[in-house]
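> Structure in structure tokens, see below.
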Amino acid sequence: MTTLEALHLRKDYRVRGSGWRAARLQAVDDVSIIVRPGETVALVGESGSGKSTIAKMLVRLVDATSGTVTLDGETIGQGRRATKRYRSRVQMVFQDPFSSLNPALTIRHQLTRPLRIHGIVHSAAEEERELLRLMESVNLSPAKTILAKYPHELSGGQRQRVAIARALAPRPEVLIADEPVSMLDVSIRLEILQLLNDLKLERNLAVLYITHDLATARHFSSQIVVMRSGRVVERGPSDAVILNPVHPYTQFLVRAAPDPKSAPWIVDPNRHLGHPEVVVSTENLELTEENTSVHWVRSWDDDAAVNTMLASLASAQTS
Amino acid sequence: MTFSQQELAEPDLSKSEPDLSDETGGRRIVRRGSWKFWVGIAICALFAIIAALGPLLAPNPNQTNSDGLQAPSLQHLLGTTNIGQDVLTQVIAGTTGSVIIGVVAGALTVVLSMIFGVGGAFLGGKWDEASSLLSNVFLVIPGLPLLIIVTDYVQSRDILVIAVVISLVSWAGAARVLRAQTLSVRSRDYVDAARVASESTWRIMLREILPNLMPIIASQFVFGALGAILAEAGLSFLGLGAPGGRSWGSILFFAQNAQAISLGAWWWFVPPGLCIAVLGAALGLINFSIDEQINPRLRTLAVLRPKAKRGGK
Ligand SMILES: Nc1ncnc2c1ncn2[C@@H]1O[C@H](COP(=O)(O)OP(=O)(O)OP(=O)(O)O)[C@@H](O)[C@H]1O
Ligand SMILES: [Mg+2]
């Protein structure tokens, strides 16, 4: 099985600046993420913090400005065929099941295409069997009727199951789920997340779960990476990040999951001072200030992503 | 999604409920055509049938007889012209000509705007810039004067030639509309999903994007046909139409030349004028209803009304 290792990812967008000059927008700034098989890593952060940009770089919908992505330490080339090979191992579930399925095509068509493209099936009988297997693995029944339908004839939850089935069709080893439940009704969110979790255990998938929601991030993932304005501000084992957030922004996020009965959770910008293991690269602690140079990393000894990153930072400084 | 502090600590999985959101009816209503659409289609079908049967119903519309400028009678249902041609026969023959012009020009407009609008937007980069430039240039060229110059210039003034010329000067607007829509469809998630599935560029264009452009392409066809029929009527009226004119516009031209209005020969100019107006309105209705399907802001009323009706049942 496969470990996805993304190191020092960076993405600059050229946007319209003032006057004639184009400005650069650093959507993602030096983010490293490692996802191991059978593990879920949650990527949380506010809107516009660059989460989707990372997801798109990881499935090569967007070219990274710099940084490397390796699968089991192997770099995979950029050509058409290499990208196809890469995508047969890394797949993605999109945020909005109402727009990620083509309204003009049947479910059968949309599930069959990846099976054929990636050479999973070689005959009609095999194809039928594989389709039914996929439908069963995402708990969609009756399979035959749903396969014949168009997306608008399905509910949001059913559509997202179809989208998950489509992502599973090439038999990937890494699954990137970009806010897979944020467009769904509250009552079915946990079902879908539970399905993703079961699939992860069944197929030993490495899952990157992108979300706004700290509660599900904590429940379904072993690690949490918190992003803000394109940078990682805090990362570590889920329980530690949620129960003892060090970065004021993380404290803010945790507090924002509201509970009217509990005492207000006080954001303490100096809490990091009591944690010598936290690397703080700037002294500016104002949470409200829009200063993009704020960059804190909570590093944990067992976090390979951080260690690799720190090691390379150190080597860059000495050389 | 909000969680209580307790849930934040341990989300309760047993609470999730069965999926009930299947019953959203909003989208189904949209798929049904409105009355505008069917009225428009019916009128267009009628004209199409007349146009197709034209050569049988009116084999020689220019045949003259001795009694000119007669009011409608049983023998000549729509009267005769000043040189004794039967107006009804002429109008039927004119229908054939006008409909051919509409269909040919509409089709050519669609082809051109697909090449320069859809193609440019889909390929992006240099292609997009070049085709945008071209369509912008054609957009700012004043249509009617160019039309007059070109029709004056070309040697053979066949009905087909005129249709081609009309669509050459008027495709740019359609190309702009299609370009905008292609850009919008191209950025939808399902196109990204197809790319993640490693679909080839051609398949993405033909299977993922094009079907979702169909309504707007249809509406551009209708719009192009409407514009061409009107433009041809205008050209013929100015005497620049196909000689031996077999279109509604050329009937109007001859009526004007013979001073039909001052002679009070209403049966000569009212029928072709009415035909132009009715077919134009029918095409407009089709276009409106397609617009309603595409444009959610126009759609709201149409969605609300059937719902209210349903509640009353
Ligand atoms: N194609 C693009 N061109 C220019 N800027 C872009 C582009 N795509 C994204 N951005 C910018 O990059 C930043 C990060 O966007 P991104 O979509 O990754 O945020 P996100 O964390 O996924 O937010 P959300 O939670 O709302 O989905 C935003 O400021 C956005 O405006
Ligand atoms: Mg996003």
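The values are calculated or read from the model by the stated rules, or taken from the named source; none is laboratory data. Computed from a prediction, not measured in an experiment: that's the story for all the values here. Note that each Cβ is placed from the backbone with ideal geometry, even for glycine, and that neighbours are counted across all protein chains shown.
> Go through the stretch A:14-43 and give me each residue that's more than 14 Å from the chain's Cα centre (by Cα) and either at pLDDT 90 or above or within 14 Å of ligand 2 (Cβ to nearest atom) (or both). Let's see the steps before the verdict.
Within the stretch A:14-43, the subset more than 14 Å from the chain's Cα centre (by Cα) is A:14-27, A:29-30, A:37-38.
If the condition is that a residue be more than 14 Å from the chain's Cα centre (by Cα) and either at pLDDT 90 or above or within 14 Å of ligand 2 (Cβ to nearest atom) (or both), then A:A27, A:P37, A:G38 are the ones that fit.
> Which condition breaks for B:Y190 when tested against (1) more than 9 Å from chain A (Cβ to nearest Cβ); (2) crowded, with 19+ Cβ neighbours inside 10 Å?
Of (1) more than 9 Å from chain A (Cβ to nearest Cβ); (2) crowded, with 19+ Cβ neighbours inside 10 Å, only one is false for B:Y190: (1).
> Now for a different question. Just checking, does the stretch A:116-128 include any residue being within 16 Å of ligand 2 (Cβ to nearest atom), buried (at least 16 other Cβ atoms within 10 Å of the Cβ), within 30 Å of A:K149 (Cβ to Cβ) and not acidic (D, E)?
Quick first cut of the stretch A:116-128, residues within 16 Å of ligand 2 (Cβ to nearest atom) only: none.
No.
> OK, next. Can B:V87 be described as buried (at least 23 other Cβ atoms within 10 Å of the Cβ) and farther than 22 Å from B:A255 by Cβ? Working first, answer last.
On the way: buried (at least 23 other Cβ atoms within 10 Å of the Cβ): yes; farther than 22 Å from B:A255 by Cβ: no.
In short, no.
> Is it the case that the stretch A:242-256 has a residue that's in contact with a Pro (Cβ under 7 Å, 6 or more places away or on another chain), in a loop (DSSP other than H, G, I, E, B) and either within 23 Å of A:M57 (Cβ to Cβ) or in contact (Cβ under 8 Å) with a residue 24 or more places away in the chain (or both)? Steps first, answer last, please.
Of the stretch A:242-256, the ones in contact with a Pro (Cβ under 7 Å, 6 or more places away or on another chain) are A:248, A:251, A:254.
After this cut, where a residue has to be in a loop (DSSP other than H, G, I, E, B) as well, the list is none.
No; the residues of the stretch A:242-256 include none that is in contact with a Pro (Cβ under 7 Å, 6 or more places away or on another chain), in a loop (DSSP other than H, G, I, E, B) and either within 23 Å of A:M57 (Cβ to Cβ) or in contact (Cβ under 8 Å) with a residue 24 or more places away in the chain (or both).
> Okay, next question. Quick check on this structure: which one of A:L58, A:L25, A:L9 is within 11 Å of ligand 1 (Cβ to nearest atom) and not aromatic (F, W, Y)? Before you say what the answer is, go through the steps one by one.
Numbers: A:L58 fails: within 11 Å of ligand 1 (Cβ to nearest atom); A:L9 fails: within 11 Å of ligand 1 (Cβ to nearest atom).
It is A:L25.
The rows are residues; the columns are (1) within 14 Å of chain B (Cβ to nearest Cβ); (2) away from ligand 2 (no atom under 16 Å from the Cβ); (3) touching a residue at least 40 places away in the same chain (Cβ under 8 Å).
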| position | (1), (2), (3) |
| --- | --- |
| A:G45 | no, no, yes |
| A:I54 | no, no, yes |
| A:D63 | yes, yes, no |
| A:T75 | no, yes, no |
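> Find all pairs meeting these conditions: Cβ atoms under 6 angstrom apart; at least six residues apart or on different chains; first residue within the stretch B:211-224 and in contact (Cβ under 8 Å) with a residue 24 or more places away in the chain; second residue surrounded by fewer than 20 Cβ atoms within 10 Å (Cβ to Cβ) and among the hydroxyl-bearing types (S, T, Y).
From residues that are in contact (Cβ under 8 Å) with a residue 24 or more places away in the chain, there are no pairs.
> Checking A:N102 against (1) in contact with a Phe, Trp or Tyr (Cβ under 9 Å, 6 or more places away or on another chain); (2) assigned to a helix (DSSP H, G or I); (3) away from ligand 2 (no atom under 16 Å from the Cβ): exactly one of these is not met. Which one?
Of the numbered conditions (1) in contact with a Phe, Trp or Tyr (Cβ under 9 Å, 6 or more places away or on another chain); (2) assigned to a helix (DSSP H, G or I); (3) away from ligand 2 (no atom under 16 Å from the Cβ), the odd one out for A:N102 is (2).
> Return the residue satisfying two criteria in turn: it lies in the stretch A:37-55 and is assigned to a loop (DSSP other than H, G, I, E, B) and more than 6 Å from ligand 1 (Cβ to nearest atom), and of such residues it is nearest to A:D12 (Cα to Cα). Full working, then the answer.
Keep residues of the stretch A:37-55 that are assigned to a loop (DSSP other than H, G, I, E, B), which gives A:37-39, A:46-50.
With the extra rule that they be more than 6 Å from ligand 1 (Cβ to nearest atom), the set shrinks to A:37-39, A:46.
Values: A:P37: 30, A:G38: 32, A:E39: 29, A:E46: 19 Å.
Step by step, filter the stretch A:37-55, then rank; the result is A:E46.
> Let me ask something else. I'd like to verify a number: residues in the stretch A:215-236 that are assigned to a helix (DSSP H, G or I) and out of contact with any Leu (no Cβ under 6 Å at 6 or more places or on another chain), how many?
So in the stretch A:215-236, the residues assigned to a helix (DSSP H, G or I) come out as A:215-220.
Checking which are out of contact with any Leu (no Cβ under 6 Å at 6 or more places or on another chain) leaves us with A:217-219.
Total meeting the criteria: 3.
> Please go through (1) within 25 Å of A:R60 (Cβ to Cβ); (2) surrounded by 16 or more Cβ atoms within 10 Å (Cβ to Cβ); (3) within 14 Å of chain B (Cβ to nearest Cβ) for A:T106 and return the number of the only condition it doesn't satisfy.
With (1) within 25 Å of A:R60 (Cβ to Cβ); (2) surrounded by 16 or more Cβ atoms within 10 Å (Cβ to Cβ); (3) within 14 Å of chain B (Cβ to nearest Cβ) applied to A:T106, the lone miss is (1).
> Also, I was wondering about something else. From A:Q110, A:Q95, A:Q78, grab the single residue that is among the polar types (S, T, N, Q), more than 25 Å from A:M1 (Cα to Cα) and either assigned to a loop (DSSP other than H, G, I, E, B) or within 16 Å of ligand 1 (Cβ to nearest atom) (or both).
Values: A:Q110 fails: either assigned to a loop (DSSP other than H, G, I, E, B) or within 16 Å of ligand 1 (Cβ to nearest atom) (or both); A:Q78 fails: more than 25 Å from A:M1 (Cα to Cα).
After applying the criteria, what remains is A:Q95.
> How many residues does the stretch A:157-188 hold that are more than 16 Å from ligand 2 (Cβ to nearest atom) and modelled with pLDDT of 90 or more? If you could, list the steps in order and put the result at the bottom.
Keep residues of the stretch A:157-188 that are more than 16 Å from ligand 2 (Cβ to nearest atom), which gives A:157-159, A:161-162, A:164-175, A:185-188.
Now narrow it down to the ones that are modelled with pLDDT of 90 or more: A:157-159, A:161-162, A:164-175.
Residues that pass the stated criteria total 17.
Matching residues to (1) among the β-branched types (V, I, T); (2) closer than 30 Å to A:T53 by Cα:
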position	(1), (2)
A:T65	yes, yes
A:G73	no, yes
A:A82	no, yes
A:Q91	no, yes
A:S100	no, yes
A:I107	yes, yes
A:R129	no, no
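> Which numbered condition trips up A:R85, out of (1) within 14 Å of chain B (Cβ to nearest Cβ); (2) charged (D, E, K, R); (3) buried (at least 20 other Cβ atoms within 10 Å of the Cβ); (4) more than 10 Å from ligand 1 (Cβ to nearest atom)?
It is condition (3) that A:R85 fails.
> Only one of these conditions is not met by A:D178: (1) acidic (D, E); (2) more than 11 Å from chain B (Cβ to nearest Cβ); (3) closer than 18 Å to A:K51 by Cβ. Which number is it?
For A:D178, the exception is condition (2).
> Any chance you could count how many residues in the stretch A:61-71 are of a type in the set (S, T, N, Q) and within 13 Å of ligand 1 (Cβ to nearest atom)?
Initially, the stretch A:61-71 is screened for residues of a type in the set (S, T, N, Q), giving A:65-66, A:68, A:70.
After this cut, where a residue has to be within 13 Å of ligand 1 (Cβ to nearest atom) as well, the list is A:65.
Residues that pass the stated criteria total 1.
> Hey, can you tell me all the residues within the stretch A:160-171 that are at the interface with chain B (Cβ under 10 Å from one of its Cβ atoms) and not aliphatic (A, V, I, L, M)? Working first, answer last.
Filtering the stretch A:160-171 down to residues at the interface with chain B (Cβ under 10 Å from one of its Cβ atoms) leaves A:161, A:163, A:166-167, A:169-170.
Hits for the stretch A:160-171 are A:R161, A:R166, A:P170.
> Among the residues of the stretch B:144-163, write down those that are crowded, with 17+ Cβ neighbours inside 10 Å and part of a helix (DSSP H, G or I). Break it down into steps so the answer makes sense when it comes.
At the first step, the residues of the stretch B:144-163 found to be crowded, with 17+ Cβ neighbours inside 10 Å are B:147, B:150-151, B:157, B:159, B:162-163.
Matches in the stretch B:144-163: B:L147, B:V150, B:T151, B:I159, B:I162, B:A163.
> Looking at (1) more than 14 Å from ligand 2 (Cβ to nearest atom); (2) touching a residue at least 24 places away in the same chain (Cβ under 8 Å); (3) more than 25 Å from A:L111 (Cβ to Cβ), which is the only condition A:G79 fails?
With (1) more than 14 Å from ligand 2 (Cβ to nearest atom); (2) touching a residue at least 24 places away in the same chain (Cβ under 8 Å); (3) more than 25 Å from A:L111 (Cβ to Cβ) applied to A:G79, the lone miss is (2).
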